[in-house]
Every structure is written in structure tokens, then in C-alpha cells.
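Peer 1: Dropping a structure here in C-alpha cells format, bear with me for questions.
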Amino acid sequence: MEFPELMDAVTQAVGQPLSTTLKRAIAQYPERVEGAIQYFKQQQQRRKIGNPIGYLYTAIMEGWQVSVASEKLAVPQGFRQWFDWAKAQGVAIAAMMMDGVHHTLHTEHGWMLTKRAMQDYPVLAKT
């Protein structure tokens, strides 16, 4: 059975054509692919991965995925751009981890979950 959407997602993650071995791993364990991609991307942010295809193959075969604890510790994607904007607009003052969850200090509402702050105060497009 083929999984074109998973093959496309893996191709995009590794940035190169897939090996036959990696395609077989995707077909054998389709339920592990999304978690393996998330784990791969997390590790890529931390260090250079010399053989992305081999790394992702192993991640799929061994069922690697981002742990809930480490997911909580992650700074939300796009935070730096959002925080620079929010600070310039006078919406946010500071940000930090509290109990393993990222928070932002809002000028009027105090500390709030950063993901919530980013949703409530989206960066406005420049006109």
C-alpha cells in the first residue's frame, strides 16, 4: 500500500529524494511517520544531522517521537518574530518558562500562556 501524503511529508522534511529503504519503512509503519518527522525536526534544531534519510529511517523503524515533557518545554514556533512585534506594540514586556510551559508577560493581563497570547494578539500585516 502506498502513502503519497506521508511520502511527500518525509520528502519535505529531509529535503531530498527518498531512498527505497525509507519508502519501505513508511509503508511498513505509516502510523509512526508523523511522530518521527516531529522528532527529526526537533533534533535538527538542536544539531546538524549528517544523514537525514538514515536518521529518519531509524526514527520510523524504532518509533521515535517527541516526548510530551519536551514538547511542553518548546518555545512556540514564530515566537521571536511575534515577541519583537508585541514588545514594539507595547503588548508584551517579557517571556519565560514557568513549570515547563512558555509564558509571556502581557502589559495589562499579567502572565499568560505564550501560545494563547500569540493567538489573542496576532502579528498584524504591515500596510
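Peer 1: Run down Met112, Met118 and say which single residue is of a type outside the set (Ser, Thr, Tyr) and part of a strand (DSSP E or B). I'd like the intermediate steps shown before the answer.
Peer 2: On the way: Met118 fails: part of a strand (DSSP E or B).
Being of a type outside the set (Ser, Thr, Tyr) and part of a strand (DSSP E or B) holds for just one of Met112, Met118, which is Met112.
Peer 1: Continuing with this model, one more query. For the stretch 70-81, state whether one or more residues are more than 29 Å from Val123 (Cβ to Cβ) and either without any contact (Cβ under 8 Å) to a residue 60 or more places away in the chain or hydroxyl-bearing (Ser, Thr, Tyr) (or both).
Peer 2: No, that holds for no residue.
Peer 1: Okay, moving on. From the list Gly110, Gly78, exactly one residue is modelled with pLDDT under 90 and farther than 30 Å from Glu2 by Cα. Which is it?
Peer 2: Gly78
Peer 1: Moving on. With respect to the numbered conditions (1) in contact (Cβ under 8 Å) with a residue 12 or more places away in the chain; (2) in contact with a Ser or Thr (Cβ under 8 Å, 6 or more places away or on another chain), which one is the sole condition not fulfilled by Leu56?
Peer 2: With respect to (1) in contact (Cβ under 8 Å) with a residue 12 or more places away in the chain; (2) in contact with a Ser or Thr (Cβ under 8 Å, 6 or more places away or on another chain), Leu56 is out only on (2).
Peer 1: Of all residues in the stretch 41-62, how many are under 14 Å from Leu22 (Cβ atoms) and assigned to a helix (DSSP H, G or I)?
Peer 2: 11
The values are calculated or read from the model by the stated rules, or taken from the named source; none is laboratory data. Please read all numbers here as calculations on a predicted model, not as lab measurements. Ideal geometry is used to build each Cβ from the backbone, glycine not excepted, and the neighbour counts take in all protein chains shown.
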